[in-house]
Amino acid sequence: MFRSPPQLRSGSKSQPIPLTSSDKKLVRSLSSSSTSSCPELRTMAPTDKPGKVDPVVVADCVNKYLAGNDVVTQLVARLTEELKSVVEAAVRTALTSVNLEVEKLRGEVANLSEKVRQLDDKLTGRADELEQYQRRNNIRVFGIEETAGENTDAIVVGLCRDKLGVDLPVSAICRSHRVGGHPRPGPDGSKRHRPIIVRFVSYRDRRAVYGHKKNLKGTGVTIREDLTTQRVEVLRRATAQYGPRSTWTQDGRVLWINGDGVKGVATRLSDLTSRPAAIQ
């Protein structure tokens, strides 16, 4: 709104103020274009002194002119639309830049995630190989009845001598004992026995015993390699896929022969789905 000078708003009697040339032009413009909304300008000029006009009347006329003129409304609408376009363009530009940066970061994250996965697989594989290597002198014996106060070293030496045909002194065994919790009875109510894990002093003695395990056929006693948790799962799946007669282990590796007579070897689960590797 057009406001009158401060001295006119104090309640004192208004005093005419000399008009400048620009004031006179404004008055003439308002008088010619808005006489219907501001009759005071049309009627005051003949009676007032030349060059003098009441500023209160001018302010009132200006306000009436602006209130009833569509130019201001159109100008505001046009400025609003232009400002909206400018803001939308700026937002689109900012969003495009942000989206590009986000896509770049996504690519970097995906690349780093893949590297982490590969490193994790590599470290897991190396840890498993190291653990299996530490078990190279071990075997597990299943099917031997468990009794109170038993001497597992003597039991294993007797098994090797009487069933396998391998004569070993007790000193060839580094350590032996039962492993695992006591199993539940079988479906027919028969008692199950915990396996014996045996660690030999030398790999040579362990290999000699494991190499004669076929002599235990029909005795109910079996000998298996001491595998890591990962390789036990590999053996389980390979046995389910190729059958127990076509699956075995050797030095911690799981080996099998498929229906086409092709031999394969695995040390991890991914090896079961890949192309069979040559057995060495």
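Okay, here's what the table says:
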| quantity | calculated |
| --- | --- |
| Residue 215 versus residue 232: modelled label distance in nm, points set 7 Å from Cα along the beta carbon direction | 2.8 |
| Size of electric dipole in the stretch 55-135: Cβ of Lys, Arg +1 and of Asp, Glu -1, about Cα centre, debye, nearest 20 | 60 |
| Kirkwood hydrodynamic radius of the stretch 55-135, from inverse mean 1/r over distinct Cα pairs, in Å | 19.4 |
| Vicinal HN-Hα couplings computed from phi for the stretch 147-155 (Karplus, 6.51 cos²θ - 1.76 cosθ + 1.60; Hz; Gly/Pro x) | 10, 5, x, 6, 10, 5, 4, 5, 4 |
| Listed peptides 175-188, 255-268 by packing density, highest first (mean Cβ within 10 Å) | 255-268, 175-188 |
| FRET efficiency, residue 79 to residue 113 (Cβ-Cβ, R0 45 Å, nearest 0.05) | 0.35 |
| Estimated dipole of the stretch 157-280 in Debye, rounded to 20 [Cβ of Lys and Arg +1, of Asp and Glu -1, Cα centre] | 220 |
| Calculated FRET value between residue 86 and residue 106, using beta carbons and R₀ = 41 Å, to 0.05 | 0.85 |
| Charge tally in the Cβ shell below 12 Å around residue 137, where Lys, Arg are +1 and Asp, Glu are -1, residue 137 excluded | +3 |
| Rough spin-label spacing in nm, given labels placed 7 Å along Cα→Cβ, for residue 60 and residue 127 | 9.2 |
| Formal net charge of residues neighbouring residue 253 (Cβ-Cβ distance under 11 Å; K, R +1; D, E -1) | -2 |
| Using θ = phi - 60° and Karplus 6.51 cos²θ - 1.76 cosθ + 1.60, couplings along the stretch 201-215 (whole Hz; Gly, Pro as x) | 5, 10, 5, 4, 5, 4, 5, 5, 5, 5, x, 9, 5, 5, 5 |
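Every number here is computed from the coordinates shown, using simple stated rules; none is lab data. If you're wondering where the values come from, they're calculated on a predicted model, not measured in any experiment. As a convention, Cβ positions derive from the backbone with ideal geometry for all residues, glycine included, and neighbour counts pool all protein chains shown.
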